[in-house]
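As structure tokens, the structure follows; a few thoughts come after it.
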Amino acid sequence: MIAAVLALRDVRRRYSDGYALDVPSLDVFAGEILGVIGPNGSGKSTLLRILGLLERPDAGQVIVGGRAVDARDALAERRRMATVFQEPLLADASVADNAGLGLRFRGVPAAEAAPRVARWLERLGVAALAGRAARTLSGGEAQRVALARALVLEPEVLLLDEPFSGLDAPTRAALVTDLGAILRADRVTTVLVTHERGEAQALADRVAVLMDGRLRQLDDTARVFYAPVSEEVARFVGVETLVAGRVLGREAGVTAVEVGGRVLEVAAVAAAGARVRVGIRPEDVTLTVAEGARVASSARNALDGTVTRVSASTHATHVLVDVGFPLVAAVTARSVNELGLRPGARVRAVFKASAAHLIPA
Ligand code: ADP
Ligand code: MG
């Protein structure tokens, strides 16, 4: 068993009526990026402040390096970590001075600090801004400086609270990519809190789903997104098709599930007769208009149906198809035009047995 760098045991934190946070157990392992996702108000920031020893829980323990931290040694232990918030919180000084602030607090001599700061500004792509006044930076640049200021400390754990939330989409995407490369190259142990599930999907090795102050699922990232344990988690991680079904039986390595009068083949094991919810991510459903034609495909499920709704968003267009049950497919704007997708259009929806997963009903 690998020892956790940072852990919570039976932690509770109450603000008003209910518990804002109730976490029986959470471990952060060396070198991993742990994503914490959940809706606004679910307790993510509270969890991160408790992990960072910035706030004491009402009950339970915060364990750093295998040892429970008490109020007396919290200040010293806090130095093993570095935190970056949504707001970069830069002082009215130069970029280099800001990036070196933490080192100065820790008494690192200027001659030693300068090359370390220069190296981290370089790695975050803001070396050219070193002499600039921090107040003149754009949001993305300022957040890069705040990250340099944290990473230059070489913290045992890096704690990030919605560090990309204040940024526009292209700036955010570039920073997610650059930071991900750095964290993975250096194997920086990181806890990343975000309400944007895509950021966690892009960066995290494991993901904790927090809802109403409770951990609903803690799993490898792929499992949280492709095998959510409950309907609530499924909806939060972007599973848009969630329909009631009944397991018919198992044959040739797939499970047959009856849904809305159709029989789906699902690559999951479940007992015959079981009532389940079938979850399918929209990006896993392909739409074709070759109705009636026999198209050879390795995808096990091909269902003919009628488009009932087409809704465009910034990332993809989501098409709701009635195939005996409501099925959502994500397609590009180009496909909408080429396939003539509009309410009333007849289409065939195709997805693999492995794209469908089962949640106990
Ligand atoms: P998140 O970061 O997921 O949005 P928070 O941890 O900020 O959630 O908040 C969780 C709950 O605790 C919310 O209901 C919030 O209103 C409450 N809360 C957070 N901080 C405080 C505080 N300092 N005083 C009182 N209530 C708080
Ligand atoms: Mg928050």
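Nothing charged except the Cβ atoms of Lys and Arg (+1) and of Asp and Glu (-1): what's the magnitude of the dipole of the chain about its Cα centre? Round to the nearest 20 debye.
180 debye
Once R0 is set to 56 Å, what does the formula 1/(1 + (r/R0)^6) return for the Cβ-Cβ distance between Arg104 and Thr308, expressed as a FRET efficiency to the nearest 0.05?
The pair Arg104/Thr308 has a calculated efficiency of 0.35.
Using only the Cα atoms of region 217-361, build the gyration tensor, take square roots of its eigenvalues as a ≥ b ≥ c, and label the shape rounded, prolate or oblate: rounded if a/c is under 1.5, else prolate if a/b is larger than b/c, else oblate.
Note, shape of region 217-361 comes out oblate.
Using helices alone, what [θ] at 222 nm do you get for the chain, with -39,500 (n - 2.57) per DSSP H run of 4 or more residues, divided over all residues and rounded to the nearest 500?
Mean residue ellipticity at 222 nm (helix-derived): -7000 deg cm²/dmol.
Quick one: helix 169-186 against the long Cα principal axis of the chain, what's the angle to the nearest 10°, folded into 0 to 90?
70 degrees
Please report Rg (one decimal) and Dmax (integer) in Å for the Cα set of the chain.
24.2, 75
Values in this text are rule-based calculations from the coordinates and carry no lab data. This structure is a prediction, so every number in the text was calculated from the model and none was measured. Positions of Cβ are generated from backbone atoms using ideal geometry, with glycine treated the same way; all protein chains shown enter the neighbour counts.
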